[in-house]
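Single-structure report; data block below.
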Amino acid sequence: MSTQDDSGIPFQINREQEHFRLLELPPSLLSLIASKDPPNLWLKSAESSSANVDSKQPGPSAVLCTDEHTYQLRQVQSSNSVFILQPSESRCGDDEISTHSLSAIAQCTATLELIPSDPTSSSAMVIQLLKKSLPPYKGIDTDVGSGTNTTFSTKYKDKKAISQDAPFSSKEFDKVWTQLCVFEVLGRAWLPTPSSLAMIWKSILSVATVRGVNLEKKFHFKSLAEMVGGDGYPWALFIAVMLRLASDTDYLKDNYATLSRDKTVQWVGIVCLERAGGSDTEGISQSDFLAQWYDLLPEGWRKHASMDLLKARYSHSNPSKEDTVFGGDVYDPTSLENLPPANTGRKLGKWHEKFKSGRK
């Protein structure tokens, strides 16, 4: 009668251990990787100086990114003995008969966990990164190098180079890039200040009025861009503003755009608020602020402007001036410094003269 061998599987620990790190995947990411169309994954490092807006909570030294999400890598120590095993063969007994066995080729004392990043926190960190990395565009007096012979310092980068080094997913990065109206000229990215955004929007509104273009409906924007360019603003900045406010970016492919009323009304209010000054100034009366806001909106949209759209972006912090508005930053709590004045005093572009002569 045969008997079953219950001696178990031979086990041994290799003298030369290999180096492994165990990575614990969240269920959501695991399902994506196991799907028929798995996403691309990138390991990126974060600079310690800009890893997190709150210096009391330093950011991760590395992150794992998909196209849409960012995961922080965190190392967790384990008190359990965790071995990485590999099938092998061993010889047992006097006859040295080969038998199947297992060999421990590594011991892992820690596990890497993936923590999904908070979208709000990620956006704030992308904003901080772009502010640190990009030169400010302050208006038509800023030399963006429209000439073909202009050469800039190699420390300035374009969007692709900045995105590759940014420890964020491409979707999170692109979203903030669009929100800030960042634009590129000759391979160099620029971050427009709130004052410059207010000035180009005023130019767009003026041109639309002159040309009889109704910004409240679908319109052909190429001719507007040419005339706004006559005022000295880069074409790329005009397109960035259109992308920021458009209700359907596909229209931009055919030189047509439809602006979102809700996005436009709120954005213009935020830009005006920043131009009104920070908490270290005397502020501006709420009635004067609303008047400025209304003047920068298409007539049919003015009734939708309300201080409720700007909650958490302004305050009435001066007890003696209850009706005085103190502005905050357009995009995050960090104040923007050295903003140019609202009116540079520069003469208007040639399109105004052409329109004037055409009416004679």
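The values are calculated or read from the model by the stated rules, or taken from the named source; none is laboratory data. It should be emphasised that the depicted structure is a prediction, and the values quoted were computed from it without experimental measurement. Cβ coordinates were reconstructed from backbone atoms using ideal geometry, including for glycine residues, and neighbour counts include every protein chain displayed.
Can you tell me which residue among ILE97, ILE115 is surrounded by fewer than 16 Cβ atoms within 10 Å (Cβ to Cβ), at pLDDT 85 or above, among the β-branched types (Val, Ile, Thr) and farther than 26 Å from LEU237 by Cα? Outline the logic, then answer.
Working: ILE97 fails: at pLDDT 85 or above.
From the options ILE97, ILE115, the qualifying one is ILE115.
Taking the range 240-258 as the search range and keeping residues that are surrounded by 17 or more Cβ atoms within 10 Å (Cβ to Cβ) and of a type in the set (A, V, I, L, M, F, W, C), which one is nearest to the chain's Cα centre (by Cα)?
That would be ALA240.
Of all residues in the range 291-306, how many are farther than 9 Å from CYS272 by Cβ and either aliphatic (A, V, I, L, M) or touching a Ser or Thr at 6+ places or on another chain (Cβ under 9 Å) (or both)?
5
Can you name the number of the only condition in (1) more than 24 Å from THR258 (Cα to Cα); (2) in contact with a helix residue (DSSP H, G or I) (Cβ under 6 Å, 6 or more places away or on another chain) that PRO116 fails?
(2) is the only condition that PRO116 fails.
When residues of the range 29-42 are filtered for being without any contact (Cβ under 8 Å) to a residue 12 or more places away in the chain and either surrounded by 14 or more Cβ atoms within 10 Å (Cβ to Cβ) or in a helix (DSSP H, G or I) (or both), how many remain?
Taking the range 29-42 first, the residues without any contact (Cβ under 8 Å) to a residue 12 or more places away in the chain are 30-31, 33-38.
Those left that are additionally either surrounded by 14 or more Cβ atoms within 10 Å (Cβ to Cβ) or in a helix (DSSP H, G or I) (or both): 30-31, 33.
Selection size over the range 29-42: 3.
One line per residue, one yes/no per condition, for (1) crowded, with 20+ Cβ neighbours inside 10 Å; (2) at pLDDT below 90; (3) more than 24 Å from VAL265 (Cβ to Cβ); (4) among the acidic types (Asp, Glu):
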position	(1), (2), (3), (4)
ASN149	no, yes, yes, no
SER153	no, yes, yes, no
LYS157	no, yes, yes, no
GLN164	no, yes, yes, no
PHE168	yes, no, yes, no
CYS181	yes, no, no, no
GLY187	no, yes, yes, no
TRP190	yes, no, yes, no
SER196	yes, no, no, no
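Is it fair to say LEU130 is at pLDDT 85 or above, among the hydrophobic types (A, V, I, L, M, F, W, C), in contact with a strand residue (DSSP E or B) (Cβ under 9 Å, 6 or more places away or on another chain) and assigned to a helix (DSSP H, G or I)? Spell out the reasoning first.
On the way: at pLDDT 85 or above: yes; among the hydrophobic types (A, V, I, L, M, F, W, C): yes; in contact with a strand residue (DSSP E or B) (Cβ under 9 Å, 6 or more places away or on another chain): yes; assigned to a helix (DSSP H, G or I): yes.
So LEU130 fits the description; yes.
Show me the helices (runs of 4 or more DSSP H) entirely contained within the range 191-261 in which 2 or more residues are within 23 Å of LEU273 (Cα to Cα) and not hydroxyl-bearing (Ser, Thr, Tyr).
Numbers: elements: 194-211, 222-230, 235-245.
Filter on the range 191-261 gives 194-211, 235-245.
So, GLY229, is that one surrounded by fewer than 21 Cβ atoms within 10 Å (Cβ to Cβ) and closer than 15 Å to ILE200 by Cβ or not? Before you say what the answer is, go through the steps one by one.
Values: surrounded by fewer than 21 Cβ atoms within 10 Å (Cβ to Cβ): yes; closer than 15 Å to ILE200 by Cβ: yes.
So GLY229 passes the test.
Has the range 73-94 got any residue that is at pLDDT below 90, under 30 Å from ALA161 (Cβ atoms) and within 24 Å of the chain's Cα centre (by Cα)? Don't jump to the end; show me each part of the working.
First, pick out the residues of the range 73-94 that are at pLDDT below 90: 73-94.
Now drop any that are not under 30 Å from ALA161 (Cβ atoms), which leaves 73-75.
Then keep just the ones that are within 24 Å of the chain's Cα centre (by Cα); that gives 73-74.
Looking through the range 73-94, at least one residue is at pLDDT below 90, under 30 Å from ALA161 (Cβ atoms) and within 24 Å of the chain's Cα centre (by Cα).
Considering only the range 10-44, state which residues are more than 27 Å from GLN164 (Cα to Cα) and not β-branched (Val, Ile, Thr). So that I can check it myself, show each step before the final result.
Of all residues in the range 10-44, those more than 27 Å from GLN164 (Cα to Cα) come to 10-19.
Of everything in the range 10-44, those that are more than 27 Å from GLN164 (Cα to Cα) and not β-branched (Val, Ile, Thr) turn out to be PRO10, PHE11, GLN12, ASN14, ARG15, GLU16, GLN17, GLU18, HIS19.
Name the pairs whose Cβ atoms lie under 6 Å apart, with the first residue in the range 204-230 and under 23 Å from ILE140 (Cα atoms), the second crowded, with 17+ Cβ neighbours inside 10 Å and among the polar types (S, T, N, Q), and 6 or more positions between them or separate chains?
VAL228/SER203
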